[in-house]
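What follows is a set of notes on a single structure, which appears directly below.
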Amino acid sequence: MKQMLLVFLGGGLGSMLRFLISKTYNPYFTNFYLGTFLVNSMGCLLIGFLLGLSAKGNYLSQNQTLLLATGFCGGFTTFSSFAFENFSFLKASELLNFSLYTLSSMILGVIAVALGLWFSKLL
């Protein structure tokens, strides 16, 4: 029960922060969801860092990993929003925006996870 509560609390906090960032940054561009892009990139960096720390064994407890990686990052990152926004590009026949948004999000996400893991090794 404690573990479910930790995931619940982390997820709620992550979701609130995702909402604030998306609400702040998405209106800047009509053809690119900057807030979602930033959230996904930052979430990938953070989960890479947290899971890297967790793998070291003495930096994060299992409960802290559940709160931060599973809960917070799970609530913070927005893959379902990302998929819907991509569908919107396809529906509007905006293939260039679809391609740029999808590829840049995926490439930066993978790079951010790798950087997060690398940063965790510096500690």
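The values are calculated or read from the model by the stated rules, or taken from the named source; none is laboratory data. Computed from a predicted model, the values in this text were never measured in an experiment. Heads up, the Cβs are rebuilt from the backbone with ideal geometry, glycines too, and the neighbour counts pull from every protein chain shown. SASA here: full protein model, heavy atoms, side chains in, ligands and nucleic acids out. Shrake-Rupley method; radii C 1.70, N 1.55, O 1.52, S 1.80 Å.
Couplings 3J(HN,Hα) for region 28-36, derived from phi with the Karplus relation 6.51 cos²θ - 1.76 cosθ + 1.60 (θ = phi - 60°), are 5, 10, 8, 10, 7, 8, 4, x, 5 Hz, where x marks Gly and Pro. Spin-label pair SER93-ILE111: with each label point 7 Å from Cα along the Cα-Cβ axis, the two points sit 3.3 nm from one another. In order along region 107-122, the phi-based Karplus estimate (6.51 cos²θ - 1.76 cosθ + 1.60, θ = phi - 60°) of 3J(HN,Hα) comes to 5, 5, x, 5, 5, 5, 4, 4, 5, x, 5, 5, 4, 5, 6, 6 Hz; Gly and Pro are listed as x.
For the cross-link pairs LYS2/LYS121; LYS23/LYS56; LYS23/LYS91, the ones whose C-alpha atoms lie over 32 Å apart are LYS23/LYS56. Using a Förster distance of 30 angstrom, determine the FRET efficiency expected from the C-beta separation of PHE29 and GLN62, and round it to 0.05. After rounding to 0.05, the efficiency reads 0.15. Run the numbers on region 42-123 and let me know its relative contact order in percent, using alpha-carbon pairs under 8 Å that are six or more apart. For region 42-123, the relative contact order is 57 percent. Calculate the FRET efficiency for PHE19 and SER104 from the Cβ-Cβ distance with a Förster distance of 30 Å, rounded to the nearest 0.05. Calculated value: 0.85.
Nearest 10 degrees is fine. How inclined is helix 2-25 to the longest principal axis of the chain, computing both from alpha carbons? So the inclination is approximately 30 degrees. Once neighbouring chains are kept in place and the probe is 1.4 Å, which whole percent of the accessible area of the chain is contributed by carbon and sulfur? The value for the chain is 74 percent carbon and sulfur by accessible area. Using the heavy atoms of the protein chains alone and a 1.4 angstrom probe, what is the accessible area of the chain per residue in square angstrom? Accessible area per residue, the chain: 62 Å². Using only side-chain charges placed at the Cβ, +1 for Lys and Arg and -1 for Asp and Glu, the dipole size of the chain relative to its Cα centre rounds to 280 debye.
Helix 79-91 axis versus longest C-alpha principal axis of the chain: approximately 10°, rounded to the nearest ten. Each residue of region 49-66 was assigned a 3J(HN,Hα) from its phi angle through the Karplus curve 6.51 cos²θ - 1.76 cosθ + 1.60 (θ = phi - 60°); the sequence is 5, 5, 5, x, 5, 5, 5, 5, x, 10, 9, 10, 6, 4, 5, 5, 5, 4 Hz, with glycine and proline shown as x.
Hydrodynamic analysis of region 4-76 uses the Kirkwood radius over alpha carbon pairs. Inserted into Stokes-Einstein at 4 °C and 1.567 mPa s, it gives a translational diffusion coefficient of 103 µm²/s. State the answer as a single residue: which of SER41, LEU117, ALA92 lies farthest towards the positive end of the charge dipole of the chain, with beta carbon charges of +1 for Lys and Arg and -1 for Asp and Glu, about the Cα centre. Result: LEU117, furthest along the dipole toward the positive end. Packing here is the average count of other Cβ atoms within 10 Å per residue, and on that basis the peptides 27-33, 50-56, highest first, run 50-56, 27-33. Applying D = kT/(6 pi eta Rh) to region 33-123, where Rh is the Kirkwood radius over alpha-carbon pairs, T corresponds to 25 °C and eta to 0.890 mPa s, the Stokes-Einstein value obtained is 177 µm²/s.
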